[in-house]
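Below is one structure, written out as structure tokens, with a few remarks after it.
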Amino acid sequence: MLNYNKTIEPRYNGHPDIMKGRDGRYYMIAGVEPSVDPVNPAVWVSEDLLEWEVECLIPHEVMDTIKDYKTQPRWFGAPKLFYDEDSDQYMITWHSCLDKYYEQGNAEWESYRTFYVLTKDFRTFTSPKRLFDFKSDTYKDMATIDTIVRKVDGKYYSIVKDERWLETSPTGKSVRICSSDNLTGPYCEPEIAVTPMDKDGYEAPILMPNPEENGWYIFAENIATKYYERFDAPTIESTTWTKFYLPIEDTRHGCMVRINQIQYDALMEKYGY
């Protein structure tokens with residue numbers, strides 16, 4: 001735990017995603033506290049992970065042209081960020097529910113879909129589009145939230161939560177994987193299940209290579225306990241992921257980034273206790 005479990009940026013409001021950009025700096029996208037600024041989300045930058053400053057606030061109109069879906073700032077849910085070196089552009093993903101089902105219980109959650117925009121400079125953006133267009137009866141109506149996109153060995157992978165309820169889908173409330181040869185898809189059916197399906201479910205996935213670089217970890221938040229748990233596999237396309245009992249307490253909706261010993265020592269010196 002760092003900084004006595006307090007944030008170092010007053011406008012930060014959860015659901016972070018951190019990665020290096022083209023300039024070698026660290027970029028973080030996350031929500032902005034509504035009482036401080038109504039725009040959601042924002043992009044922060046840091047040279048060293050110690051000090052952060054707001055690079056830009058994402059203009060509301062960038063994400064406000066999705067017909068029939070909630071476009072109030074608080075409904076740009078779980079913004080995530082990916083820098084694609086091959087195309088030299090950033091992808092921002094988020095999820096939103098159908099306006100007509102807002103506050104309608106199960107119907108609201110099952111109407112969530114993932115959207116994205118692309119940008120090279122966080123000043124101009126493409127129009128928002130749906131990220132997934134699954135065709136089969138099993139997945140065509142799949143509600144998706146907390147989507148992250150990463151690239152492994154020349155292929156794009158989306159790790160996503162199936163937000164459907166178990167009463168309507170046998171794959172509901174599980175973290176799943178789909179892949180594509182292209183950044184924006186089409187992505188294959190999310191048949192690979194990382195976490196088990198149960199009434200409480202898992203969400204907010206994090207993908208990391210294991211320290212030996214011979215396998216993969218996916219961390220996912222167990223909703224019932226609000227702890228992160230780890231799932232292991234030898235390859236990212238493994239059809240079976242093994243739960244490793246390593247609950248990380250007092251953690252929700254997080255992200256991970258690999259650092260070296262110098263960075264670790266600097267973080268502990270500044271924020272450790």
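The values are calculated or read from the model by the stated rules, or taken from the named source; none is laboratory data. Everything numeric here is computed off the predicted structure, so don't read it as measured data. All Cβ positions, even for glycine, are placed from backbone atoms using ideal geometry, and neighbour counts span all protein chains on display.
Some points to look at:
- Residue within the range 183-196 that is in contact with a Pro (Cβ under 8 Å, 6 or more places away or on another chain), buried (at least 16 other Cβ atoms within 10 Å of the Cβ) and of a type in the set (A, V, I, L, M, F, W, C) present: yes
- Flag if Thr93 is hydroxyl-bearing (Ser, Thr, Tyr) and either more than 16 Å from the chain's Cα centre (by Cα) or exposed (fewer than 14 other Cβ atoms within 10 Å of the Cβ) (or both): no
- Residue within the range 197-220 that is more than 15 Å from the chain's Cα centre (by Cα), under 24 Å from Asn13 (Cβ atoms), without any contact (Cβ under 8 Å) to a residue 40 or more places away in the chain and surrounded by 14 or more Cβ atoms within 10 Å (Cβ to Cβ) present: no
- So Asp86, is it outside the structural domain of Met19 (by TED's automatic domain parsing) and either modelled with pLDDT of 90 or more or more than 13 Å from the chain's Cα centre (by Cα) (or both): no
- Scanning the range 157-180 for residues that are in a strand (DSSP E or B) and either touching a His at 6+ places or on another chain (Cβ under 8 Å) or within 19 Å of Trp241 (Cβ to Cβ) (or both) turns up Tyr157, Ser158, Ile159, Val160, Lys161, Asp162, Ser174, Val175, Arg176, Ile177, Cys178, Ser179.
- For the range 107-155, the set of residues classified as touching a residue at least 60 places away in the same chain (Cβ under 8 Å) and either closer than 23 Å to Ile236 by Cα or not in a loop (DSSP other than H, G, I, E, B) (or both) consists of Tyr116, Leu118, Ile145, Asp146, Thr147, Ile148, Val149, Arg150, Lys151, Val152, listed by residue number.
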